[in-house]
Amino acid sequence: NPYAGLVSHLRASWLSGKTRPMEYRVAQLEALGRFLDDKKQEILEATELDMGKPSFEAFFSEILLCKNELNVTLNNLSHWMKDEHVDKNLVMQLDSAFIRKDPYGVVLIIAPWNYPIHLFLVPLIGAIAAGNCAIIKPSEISKNTERLVAETLSCYLDNDCFAVVTGGVPETTRLLENKFDYIFFTGSPPVGRIVMTAAAKHLTPVTLELGGKNPCYVSNTCDVTNVARRVAWGRFFNAGQTCTAPDYLLCTIEMQEKLMPALREAITEFFGPNPRESPDFGRIVSDKQFQRLRVLLGSGRVAIGGQTDEAERYIAPTVLADVLPSDPIMQEEIFGPILPIVVITNMDEAIDFINARPQPLAVYAFSCDSKIVNQVLERTSSGGFCGNDTLMHLTLTSLPFGGIGNSGLGKYHGKFTFDTFSHHRGCLHRSMGLETLNTPRYPPYTQQKLGLLTTTFEVKRRGTCTLL
């Protein structure tokens with residue numbers, strides 16, 4: 001296997017204990033901060049070349065949010081690394097019972113193309129913080145960013161413990177043949193199944209950050225202008241190539257009539273009368289993705305936008321009306337600047353519609369009535385939830401980010417990333433003395449011993465009493 005030597009080299013480094021001291025972890029994390037500072041302009045240029053990503057969006061999503069993750073980790077690492085002491089029973093009051101946060105070992109991070117810096121760097125921050133060695137596999141589809149990472153990251157990190165592997169499907173397939181101690185994958189559910197199958201051969205634990213069709217319910221009681229602005233921003237940010245973007249709207253026919261002019265106004269406000277000329281609207285990442293999206297434009301009726309330019313891989317911010325659940329656009333994650341509206345009669349029907357489909361990465365609900373927002377939250381299941389906005393729940397490092405069911409497995413962001421890349425090892429350290437305390441558990445067994453054992457080990461429910 002072409003990567004066996006590299007994996008073995010990193011494993012030897014990990015076994016040496018090099019990555020375990022806090023000082024080492026801090027030094028590597030600070031080096032990542034210098035990478036973001038030094039290569040800021042190159043990151044903006046590479047993401048612009050790959051998908052026409054506006055510099056504002058690139059700075060916000062690829063640099064600022066990564067720096068936030070980094071600083072939260074550096075601010076809290078000493079606390080996160082400490083042993084966590086736990087409750088003890090009567091017999092063990094003089095002993096030490098604690099959870100040790102151990103690194104897994106050599107981990108693999110497979111990143112996607114849509115946020116090519118953010119989605120490898122945020123997991124890597126947690127992997128380093130937890131004391132692991134790591135191989136990073138950036139996406140070959142965002143080729144300019146891949147080249148930047150491959151050529152420059154090694155100048156900042158310890159090359160005995162961290163490596164970048166490039167290539168496409170064949171290379172990733174061979175890479176996955178090796179035994180890793182943890183695999184973190186971000187991408188589509190079909191590829192997630194392939195990664196999980198490969199991991200199963202070595203009983204390797206995984207985090208799968210996948211996608212899905214994120215529903216957005218808009219009730220009849222809401223501020224239509226604000227809804228339109230927040231939905232349009234979330235749908236058309238990064239030209240819709242965001243795994244948590246609102247994938248389709250659910251609303252009544254009356255609300256659809258109100259939303260159409262408001263959405264048109266929001267799109268014009270954000271991108272001007274011709275979004276193709278706007279410096280703030282991106283492009284589709286590849287010809288293959290462009291062709292797939294152009295076919296989806298045939299669903300329903302184009303109410304806003306719909307223009308395309310194959311040479312530029314441009315698809316205008318588009319809203320589709322009269323979309324049926326059976327239409328092609330409702331059968332797959334859109335991952336582009338197209339927003340279909342599916343008409344329902346009321347909130348109950350919207351909730352039934354959501355629950356009849358695979359669990360999404362996010363559910364969105366808009367209403368001036370907080371009871372309606374809470375109803376959608378309580379009666380649906382998804383990786384995350386955001387009421388009266390889109391995407392913004394991702395910006396909080398204090399909230400876990402991850403999927404459920406078809407949209408993924410595991411979670412990260414902030415301390416959750418550290419915990420994801422840490423094995424929580426249950427530890428008990430007992431005294432060599434006080435042997436008398438242990439006598440009730442040893443044979444020969446007697447009723448008296450059982451009574452003593454019950455008294456010292458039994459956990460009783462709070463607030464209950466026994467009637468004699």
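The values are calculated or read from the model by the stated rules, or taken from the named source; none is laboratory data. Because the structure is predicted, anything quoted here is derived from the model rather than measured. With ideal geometry, Cβ positions are generated from the backbone for all residues, glycine too; neighbour counts draw on all protein chains shown. The protein model used for the area step is the full one, side chains on, heavy atoms only, and it has no ligands, DNA or RNA in it. Shrake-Rupley method; radii C 1.70, N 1.55, O 1.52, S 1.80 Å.
When a/c reaches 1.5 or more, the comparison of a/b and b/c decides; with that in mind, is the chain rounded, prolate or oblate per its Cα gyration tensor? Because a/c hits 1.5 or more and a/b fails to exceed b/c, the chain counts as oblate. Please report the relative contact order for the stretch 215-381, taking Cα pairs under 8 Å with a sequence separation of at least 6, and give it as a percent rounded to a whole number. Contact order relative to length: 32 percent. Rounded to the nearest 0.05, the FRET efficiency derived from the C-beta distance between ASN226 and HIS85 at R0 = 51 Å is 0.60. For THR252, the solvent-accessible surface computed with a 1.4 Å probe is close to 10 Å², ligands and nucleic acids excluded. Among the listed pairs LYS39/LYS67; LYS18/LYS39; LYS40/LYS67, a Cα-Cα separation exceeding 18 Å is found for LYS18/LYS39. Computed over protein heavy atoms with a 1.4 Å probe, the carbon and sulfur contribution to the accessible area of the stretch 215-381 reaches 50%. Structural descriptor for the chain: relative contact order 19 percent, calculated from alpha carbon pairs under 8 angstrom and at least 6 residues apart. Note on LYS411: accessible area approximately 100 square angstrom, rounded to 10, probe 1.4 Å, nucleic acids and ligands left out. Specify whether the C-alpha gyration tensor of the stretch 215-381 places it in the rounded, prolate or oblate class, a ≥ b ≥ c being the square roots of the eigenvalues: rounded for a/c under 1.5, otherwise prolate if a/b is larger than b/c and oblate if not. It comes out prolate by the Cα gyration axes. Note that the chain presents 46 Å² accessible area per residue, ligands and nucleic acids not counted, probe 1.4 Å. Approximating the spin labels as points 7 Å out from Cα along Cα→Cβ, the GLU177-to-GLU254 distance works out to 6.3 nm. In this structure TYR24 has an accessible area near 40 Å², from a 1.4 Å probe over the protein heavy atoms. Could you give the angle, 0 to 90 degrees to the nearest 10, between helix 65-81's Cα long axis and the longest principal axis of the Cα atoms of the chain? So the inclination is approximately 10 degrees.
Secondary structure note: in the chain, about 35% of the DSSP beta bridges are antiparallel.
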